[in-house]
Amino acid sequence: MSTPAASAPVHSTAALAQKALVIGLAGIVLTALGILVSGPQAVAYSWLVGISYWTAIAIGMLLMVLIHHIFDASWSVVLRRQLEHGLSAFKWLALLFLPLVLATLFYRLDLVWPWMNPAHALAGHETVAGDILYTKKSSFLNLKTFIGMTALFFVVWIWLSARLRKASFTQDADGDVKWTRMNRVTAAMGLPLAALTLTFAAIYWIKSLEYHWFSTMYGVWFFANCFRGALSVSVLIMLWLWRRGDYKGILNNNHLHSVGQLMLALTVFWAYVTFSQYFLIWNANLPEETFWYNLREYGDWWGTGLVILFGHFVVPFLLLLSYRFKVTHRTIRRIALWILAVILIDLCYNILPAIKDAAGHPKPFLSFNLLWVLTSVIGVGGICCWSYFRSFPTAKLIPIRDPRINECLTHHE
Amino acid sequence: MAHAQHAAAPAILQEVKPAVVPRAVLVQNNRSFAWITDKICGIIEGKTPTWWWVCFIVACFVASFTVAGITYLVATGVGVWGHRSPVNWGWPIVNFVFWIGIGHAGTLISAILCLLRQKWRTSINRAAEAMTIFAVVCAGIFPVFHVGRVWYAWFLFPLPNSNLIWQNFRSPLEWDVFAVSTYGTVSVLFWYVGLIPDLAVLRDRFYATGNKTRSFLYGLFAMGWRGSNRHWSNYEMAYLILAGIATPLVLSVHTIVSFDFAVSLIPGWHTTIFPPYFVAGAIFSGFGMVLTLMLPLRAIYHLEDLITQYHIDCMCKITLATGTMVGYAYAMEFFIAWYSANPYEGFTFINRAFGPYAWAYWIMITCNVVTPQLFWFKRVRTNTTLVWVLSIFVNVGMWFERFVIICTSLTRDFLPSSWGYFSPTIVDIFTFFGTFGVFSVLFLLFIRFLPIMPMAEIKAVTQQADVHSGSDHH
């Protein structure tokens with residue numbers, strides 16, 4: 001998938017890769033131990049949060065690289081190389097998704113997605129098999145289609161990533177413009193594919209947890225979170241490389257400013273999409289739609305919703321309006337970390353209320369089970385970081401033969 | 001990072017050796033500043049061409065259909081329009097949304113592409129902004145006259161009146177009043193601010209040729225522009241601020257237009273993806289109209305050096321992208337109608353595709369989703385005649401989109417006993433047909449009396465204005 005670089009980068013990442021792997025494995029082991037404490041269902045949902053979170057970030061990175069190529073962009077050439085390293089995580093994410101499938105197949109069919117078990121009891125002494133709202137869509141929501149589609153999503157993401165990485169890394173060696181053209185072709189076909197796969201991944205993995213509910217906006221909401229997550233991770237990578245000295249003389253304020261502007265734009269876009277979905281459902285007040293939000297007004301989920309409103313929109317929006325904050329390392333790093341934290345809360349808000357207590361109320365967010373969400377995020381994240389650090393030395397620090405590299409190095413407003 | 005530029009250059013920079021993929025030039029044949037000024041001002045300064053008079057007379061004739069239609073409506077009452085139960089909201093709202101959507105490309109090109117630093121916008125932004133304003137004028141005709149007693153149209157605004165009548169602020173139609181009027185105002189301001197330096201150029205050129213009247217008039221609107229450093233500095237800041245204001249506005253207008261439908265409970269209307277879907281559709285239709293207008297202008301005035309193949313390429317690609325987004329929204333609507341297992345939603349979409357308005361639905365799909373896919377091919381994008389024909393398809397398709405959304409949902413609602421079929425009256429058709437004349441009259445006056453391209457902005461993207469010109473390492 002990659003061509004070994006002619007010379008090693010400034011600093012090795014072997015030690016970091018090892019550290020990330022240890023942290024990742026520790027997270028996975030701790031999450032697994034959580035089964036003994038909180039039971040398999042709470043842990044499985046936590047794992048779904050962890051895997052969705054990091055897959056969303058990886059999809060966001062894929063989108064950024066595809067958009068870079070389709071626009072023939074210049075300012076993001078240097079950053080693109082780091083995103084290409086990030087894309088190496090897809091195959092590991094596919095592997096890490098497997099426990100959910102295996103647990104469903106061999107432990108309990110309705111461990112996570114209730115519709116996977118036709119005998120799953122619903123409120124009102126009914127089962128999934130007898131639920132007309134399920135039978136109408138059973139050709140879409142069934143175990144075989146779920147597994148097939150999930151495999152297809154990962155195949156598409158891995159294939160697109162492999163093409164993008166191969167073309168970009170090989171160009172470092174031979175400087176052939178055919179790789180640039182190949183990436184443009186990949187981007188042209190990859191963007192519709194990425195849009196469809198991320199939409200259906202969001203529907204299958206998250207929305208179908210409460211399969212009575214529906215919203216045409218859901219894929220767009222997931223897209224916004226993917227993009228915001230990738231932008232925030234980009235900031236962290238840029239600052240990390242700057243701190244190590246690798247990016248000194250390569251990056252300037254304008255690169256950070258450009259990423260910051262995109263972060264602002266996507267913050268507004270996320271708010272636009274999320275508000276539109278909420279507002280249209282609230283205003284129409286149809287029980288078949290409002291129940292999803294009503295569940296999320298129960299217990300501490302009400303406060304969680306407010307944290308998302310202010311934390312995911314108001315705070316980053318106000319901070320990102322400032323030029324100074326966008327280019328000051330300390331502040332932009334904090335903003336990026338903040339956004340990453342709130343994306344996690346947003347995913348929890350979408351996933352976890354599907355776990356109900358005996359009375360049919362969502363179990364509280366702030367509970368001991370939250371620990372397994374954190375260990376899952378650390379576990380999956382450790383493996384993703386390990387994958388990134390492993391990929392890092394396989395290519396040049398920056399795409400030295402990219403046609404727009406000089407424009408990137410002298411990027412100005 | 002503040003000291004980035006002073007840091008020692010890392011060793012990797014020694015290895016940088018970019019592959020050669022030249023950037024497209026935005027002004028071909030290395031045209032001089034003087035050539036650009038002469039070319040654009042020449043359109044205004046020269047004798048009025050015969051074709052212009054022919055088009056103007058035809059446009060006035062077509063516009064008279066709108067005048068006749070609304071005169072008859074005001075004299076007789078709104079019953080002359082085809083609104084009947086169950087379609088109490090038909091033709092005028094279709095036309096309103098159609099025209100307001102077209103306006104969006106102007107703001108997108110001017111404001112959003114400005115914020116995104118897309119330099120190719122310079123050759124087309126002025127005409128696109130003009131198109132926005134004229135499209136808003138055409139759009140405004142329908143809601144204003146649908147009130148019937150047009151002299152009460154001011155009731156739309158929350159002004160104190162003797163009857164203590166207040167608007168229903170919970171209605172998205174009232175939000176439309178604020179959104180569209182704000183959008184129209186900011187669009188005019190944005191257009192006007194951009195025009196100021198060019199109006200000053202015309203003032204000076206007419207003064208030099210002894211045409212004092214025209215020099216005075218252009219000078220009046222140029223507001224004493226002298227091109228000083230301070231003027232340019234204030235101008236750039238004002239332009240940037242207006243771009244910043246116009247960007248959320250362009251999104252808000254079509255979002256609120258989408259709310260006109262989506263806040264209701266009508267199957268096919270109440271769906272959460274409507275806001276971004278309507279915005280993408282509006283940009284799509286607007287770019288269709290920009291291509292429809294700019295390609296003939298390019299040919300007539302021989303503007304190939306300023307509106308290059310690269311510009312056409314970019315516009316085609318945006319049309320393709322937004323058309324595909326609209327296709328995504330159509331697919332998602334259809335899929336979720338099925339996924340929701342709501343029988344009314346499911347029926348509405350089956351009815352759209354296979355019911356009495358199937359012909360309109362498939363025209364919509366063909367023009368908005370299928371034919372724009374031809375823009376994938378370079379051979380199509382470089383054939384300007386074909387691009388122009390495809391742009392007409394976009395205009396047609398987007399009118400039908402609004403027709404399909406509105407008529408299919410209303411003609412067959414929850415009560416089969418009240419189902420019907422909407423057919424426009426001759427007054428409906430005349431009024432809409434005439435708006436193309438109104439639009440054309442305004443656009444023809446624009447190209448005759450105002451610079452159709454921003455001269456200063458185009459000069460800024462020429463090779464000679466590039467301080468790095470001639471160097472591959474800048």
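The values are calculated or read from the model by the stated rules, or taken from the named source; none is laboratory data. Just so it is clear, the structure is predicted and the values come from calculations on it, not from any experiment. In this analysis, Cβ positions are derived from the backbone assuming ideal geometry, glycine residues included, and neighbour counts consider all displayed protein chains. Side chains included, ligands, DNA and RNA excluded: accessible areas come from the protein's heavy atoms. Shrake-Rupley method; radii C 1.70, N 1.55, O 1.52, S 1.80 Å.
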Counting only residues in region B:15-52 that are part of a helix (DSSP H, G or I) and hydroxyl-bearing (Ser, Thr, Tyr), the one farthest from the chain's Cα centre (by Cα) is identified as B:50
All-but-one check, residue B:192 against (1) surrounded by 14 or more Cβ atoms within 10 Å (Cβ to Cβ); (2) at pLDDT 90 or above; (3) within 14 Å of chain A (Cβ to nearest Cβ), failing number (3)
Considering region B:13-36, residues that are more than 30 Å from residue B:205 (Cβ to Cβ) and either more than 7 Å from chain A (Cβ to nearest Cβ) or basic (Lys, Arg) (or both), and then whichever is surrounded by the fewest Cβ atoms within 10 Å (Cβ to Cβ), we arrive at B:22
Per the list (1) open to solvent by 50 Å² or more (accessible area, probe 1.4 Å); (2) polar (S, T, N, Q); (3) facing chain B (nearest Cβ under 9 Å), residue check on residue A:253 breaks on (1)
(1) over 22 Å from the mean Cα position of the chain (by Cα); (2) open to solvent by 20 Å² or more (accessible area, probe 1.4 Å) all hold for residue A:13 apart from (2)
Flagged pairs (Cβ under 7 angstrom, 6 or more apart or on separate chains; first in region A:386-413, among the small types (Gly, Ala, Ser) and modelled with pLDDT under 95; second open to solvent by less than 10 Å² (accessible area, probe 1.4 Å) and in a helix (DSSP H, G or I)) are A:395/A:81; A:395/A:169
The residue that is most open to solvent (accessible area, probe 1.4 Å), considering only those in region A:215-250 that are more than 10 Å from chain B (Cβ to nearest Cβ) and among the basic types (Lys, Arg), is A:243
Residue B:42 being open to solvent by less than 20 Å² (accessible area, probe 1.4 Å) and small (Gly, Ala, Ser): no
Among the residues of region B:388-408, is there at least one that is modelled with pLDDT under 95, among the aliphatic types (A, V, I, L, M) and out of contact with any helix residue (DSSP H, G or I) (no Cβ under 9 Å at 6 or more places or on another chain)?
no
Scanning region A:126-149 residue by residue, those within 12 Å of chain B (Cβ to nearest Cβ), open to solvent by 50 Å² or more (accessible area, probe 1.4 Å) and assigned to a helix (DSSP H, G or I) turn out to be A:132, A:133, A:135
Residue A:89 meets each of (1) at pLDDT 95 or above; (2) closer than 13 Å to residue A:183 by Cβ with one exception, condition (2)
What about residue A:386, is it farther than 15 Å from residue A:50 by Cα and surrounded by 18 or more Cβ atoms within 10 Å (Cβ to Cβ)? yes
**OP:** Check whether at least one residue in region A:197-207 is surrounded by fewer than 20 Cβ atoms within 10 Å (Cβ to Cβ) and at positive phi, and report yes or no.
**Re:** no
Residues in region A:174-191 that are open to solvent by less than 50 Å² (accessible area, probe 1.4 Å), within 11 Å of another protein chain (Cβ to nearest Cβ) and assigned to a helix (DSSP H, G or I) total 4
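Every residue, every condition in (1) part of a loop (DSSP other than H, G, I, E, B); (2) away from every other protein chain (no Cβ under 14 Å); (3) open to solvent by 30 Å² or more (accessible area, probe 1.4 Å), yes or no:
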{"position": "A:101", "(1), (2), (3)": "no, yes, no"}
{"position": "A:105", "(1), (2), (3)": "no, yes, yes"}
{"position": "A:108", "(1), (2), (3)": "yes, yes, yes"}
{"position": "A:111", "(1), (2), (3)": "yes, yes, no"}
{"position": "A:124", "(1), (2), (3)": "yes, yes, yes"}
{"position": "A:151", "(1), (2), (3)": "no, yes, yes"}
{"position": "A:155", "(1), (2), (3)": "no, yes, yes"}
{"position": "A:161", "(1), (2), (3)": "no, yes, no"}
Is one or more of the residues making up region B:59-70 open to solvent by 80 Å² or more (accessible area, probe 1.4 Å), over 20 Å from residue B:407 (Cβ atoms) and not aromatic (Phe, Trp, Tyr)? yes
Would you confirm whether any residue within region B:323-339 is polar (S, T, N, Q) and more than 14 Å from chain A (Cβ to nearest Cβ)? no
Counting only residues that are more than 20 Å from residue B:292 (Cβ to Cβ), under 27 Å from the mean Cα position of the chain (by Cα), open to solvent by less than 50 Å² (accessible area, probe 1.4 Å) and small (Gly, Ala, Ser), region B:316-373 contains a total of 3
Here the qualifying pairs (Cβ atoms under 8 Å; residues six or more apart or on different chains; first in region B:170-182 and closer than 15 Å to residue B:142 by Cβ and free of Cβ contacts under 8 Å to residues at least 60 places away in the same chain; second of a type in the set (A, V, I, L, M) and assigned to a helix (DSSP H, G or I)) come out as B:177/B:156
Of (1) under 30 Å from residue B:193 (Cα atoms); (2) not in a helix (DSSP H, G or I), residue B:445 fails just (2)
Q) Is it the case that some residue within region B:158-170 is open to solvent by less than 70 Å² (accessible area, probe 1.4 Å), touching a Ser or Thr at 6+ places or on another chain (Cβ under 7 Å) and either farther than 30 Å from residue A:265 by Cβ or not in a loop (DSSP other than H, G, I, E, B) (or both)? A) no
request  = Can you confirm whether region B:333-345 contains a residue that is of a type in the set (Val, Ile, Thr) and modelled with pLDDT of 95 or more?
outcome  = yes
Considering only helices (runs of 4 or more DSSP H) wholly within region A:269-341, the ones with at least 1 residues that are touching an Asp or Glu at 6+ places or on another chain (Cβ under 8 Å) and open to solvent by less than 20 Å² (accessible area, probe 1.4 Å) are A:287-295, A:301-308
Checked B:82, B:140 against criteria (in a helix (DSSP H, G or I) and more than 22 Å from residue B:241 (Cβ to Cβ)); the one match is B:140
Of the residues in region A:256-265 that are more than 8 Å from every other protein chain (Cβ to nearest Cβ) and open to solvent by less than 20 Å² (accessible area, probe 1.4 Å), the one that is farthest from the chain's Cα centre (by Cα) is A:257
Within region B:269-283, of all residues that are surrounded by fewer than 24 Cβ atoms within 10 Å (Cβ to Cβ) and under 15 Å from residue B:409 (Cβ atoms), the one nearest to the other protein chains (Cβ to nearest Cβ) is B:270
query = Residues in region B:43-58: is at least one away from chain A (no Cβ under 14 Å) and touching a Gly at 6+ places or on another chain (Cβ under 9 Å)?
reply = yes
Restricting region A:391-413 to residues that are more than 8 Å from chain B (Cβ to nearest Cβ) and within 29 Å of the chain's Cα centre (by Cα), the one surrounded by the fewest Cβ atoms within 10 Å (Cβ to Cβ) turns out to be A:394
Residue B:417 fails exactly one of (1) within 29 Å of residue B:349 (Cα to Cα); (2) crowded, with 23+ Cβ neighbours inside 10 Å, namely (2)
